[in-house]
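Visitor: Below: one structure in structure tokens.
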Amino acid sequence: MNPDALRGHMDALLLSVLEHEPLHGYAIIEALQERSGGALAVPTGTVYPALRRLERVGYLASEWATVGGRKRRTYRLTSSGAKQLAGERSAWREFAEVIASVLEPGVGRTKTTG
């Protein structure tokens with residue numbers, strides 16, 4: 001998948017992956033790949049700065065945990081992050097609907113003009 005296609009959507013993807021359980025960075029990358037059927041191969045240089053930024057704004061919290069005998073920073077979604085994710089999902093649905101109405105006219109929603 002074209003990396004430019006992810007621009008502007010990385011926050012929603014990361015928040016979504018952390019919605020049900022805390023994960024460390026590499027597990028987040030693996031979850032993105034698994035959920036996308038292998039289409040998303042997001043580099044660590046993109047994921048880790050985004051995780052730190054999402055933590056700074058309060059959407060994620062982190063703590064150190066021992067995973068497989070190694071100390072790793074584990075991230076979890078905060079209540080503020082859950083609200084942000086809900087907003088991101090709503091915005092995504094609206095965006096997808098609008099794009100679909102242009103790319104596939106006559107399919108999906110119908111609009112009447114007055």
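Read-outs: derived from the displayed coordinates by stated rules, not from any lab. Every value quoted in this text rests on a predicted model; they were computed, and no experiment measured them. Because the Cβ atoms are built from the backbone with ideal geometry, glycine has one as well, and the counts that use them run over all protein chains shown.
Visitor: Can you give the extra length, in nm with one decimal, that the chain gains between Ala39 and Arg89 once fully stretched, where that is 0.36 nm per residue apart less the Cα-Cα distance?
Guide: Stretched fully, the Ala39-Arg89 segment lengthens by 16.0 nm.
Visitor: Quick one: length gained pulling Val98 to Arg73 fully straight, 0.36 nm per residue minus the C-alpha distance? Please list the in-between numbers first.
Guide: Values: separation 25, 0.36 × 25 = 9.00 nm, distance 3.83 nm.
5.2 nm is the gain from fully extending Val98 to Arg73.
Visitor: Hey, if you put +1 on the Cβ of every Lys and Arg and -1 on every Asp and Glu Cβ in segment 3-103, which of Pro49, Ala82, Phe95 ends up farthest toward the positive end of that dipole?
Guide: Pro49
Visitor: Please list, in order along segment 52-69, the HN-Hα scalar couplings obtained from phi with the Karplus expression 6.51 cos²θ - 1.76 cosθ + 1.60 (θ = phi - 60°), rounded to whole Hz, x for Gly and Pro.
Guide: Karplus-based 3J(HN,Hα) across segment 52-69 equals 5, 5, 5, 6, 4, 8, x, 7, 10, 10, 9, 8, 7, 9, 8, 10, x, x Hz.
Visitor: Per-residue HN-Hα couplings for segment 97-106, Karplus 6.51 cos²θ - 1.76 cosθ + 1.60 at θ = phi - 60°, whole Hz, x for Gly and Pro?
Guide: 5, 5, 4, 4, 5, 7, 6, 10, x, x
Visitor: Report the residue, chosen from Ala27, Ala100, Ala82, that carries the largest GNM mean-square fluctuation when the chain is represented by alpha-carbon nodes joined by springs under 10 Å.
Guide: In the Gaussian network model the winner is Ala100.
Visitor: Now for a separate question. If one puts a single equal scatterer on every Cα of segment 1-52 and applies the Debye formula without solvent, what log₁₀ I(q)/I(0) results at q = 0.25, 0.31 Å⁻¹?
Guide: Result of the Debye calculation: -1.04, -1.60.
Visitor: Now a separate question. Enumerate the amide H contacts of His24 below 5 Å, restricted to partners 5 or more residues apart or on another chain; note that Pro and chain-start residues carry no placed amide H.
Guide: Tyr75
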